[in-house]
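Report on one structure; see the data block that follows.
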Amino acid sequence: MAAARPVLARAVLQQCLSARLQVRPPENGSEAEWVEIQRGLVIYICFFKGADRDLVPKIVNTLLNVKLSENESGEYVSLLDLPGNVLIIPQATLGGKLKGRKMQYHANIEKEKGLELYSQFVTLCEKELAANAKCMEAGVLVKYGTYGNRQVLKLDTNGPYTHLVEF
């Protein structure tokens, strides 16, 4: 039996009616900064050691084309066919592994490399949605969180409708 291939990235997809993510907390009298989407998909993404730039286009292609979203007819279609908005959230905790009573994150990619792959992931999602005629016509938005920071999420979902995908 062949050895299992290591997981290089993990994504959680959550269908939403709307979502708001705080990308900057309030400080020194200024208000918090939020990004927001309406109907679409929240993508939580985590990269593991061994992931590289060649993996990111495969992840983007898979996530934007998987048929998980219900259209008005009740058929399952891709986010590109819906069309729907995207909120991307870097989520290092997806790399956690329980050891005893504590979580460990030894498999996660180094922070600098993770930021590079996350930035590439966001850029490719933006490009794919911008190149899609249905998405352009519908004014689809791509919003995203800040890498390496704790963030507050407010989510309205018509589920729960959550999927885990490993690469």
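Numbers for the structure displayed
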item: Subset of region 71-98 (residues that are surrounded by 14 or more Cβ atoms within 10 Å (Cβ to Cβ) and either touching a residue at least 60 places away in the same chain (Cβ under 8 Å) or basic (Lys, Arg) (or both)); result: LEU87, ILE89, GLN91, LEU94, GLY95
item: Residue identified as free of Cβ contacts under 8 Å to residues at least 24 places away in the same chain, farther than 20 Å from ARG10 by Cβ and outside any strand (DSSP E or B) among GLU112, GLU126; result: GLU126
item: Those residues of region 112-141 which are touching a Gly at 6+ places or on another chain (Cβ under 9 Å), farther than 17 Å from LYS49 by Cα and either open to solvent by less than 30 Å² (accessible area, probe 1.4 Å) or among the β-branched types (Val, Ile, Thr) (or both), in sequence order; result: CYS135, VAL140
item: Subset of region 136-148 that is in contact (Cβ under 8 Å) with a residue 24 or more places away in the chain and in a loop (DSSP other than H, G, I, E, B) - its residue that is nearest to the chain's Cα centre (by Cα); result: GLY145
item: Residues that are within 21 Å of VAL60 (Cα to Cα) and among the small types (Gly, Ala, Ser), drawn from region 19-47; result: ALA19, GLY40
item: Top-ranked residue of region 100-109 - restricted to ones that are assigned to a loop (DSSP other than H, G, I, E, B) and touching a residue at least 24 places away in the same chain (Cβ under 8 Å), ranked as least open to solvent (accessible area, probe 1.4 Å); result: ILE109
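The values are calculated or read from the model by the stated rules, or taken from the named source; none is laboratory data. It should be emphasised that the depicted structure is a prediction, and the values quoted were computed from it without experimental measurement. Cβ: placed from backbone, ideal geometry, glycine included. Neighbour counts: every protein chain shown. Calculation scope for accessible area: heavy atoms of the full protein, side chains included, ligands and nucleic acids excluded. Shrake-Rupley method; radii C 1.70, N 1.55, O 1.52, S 1.80 Å.
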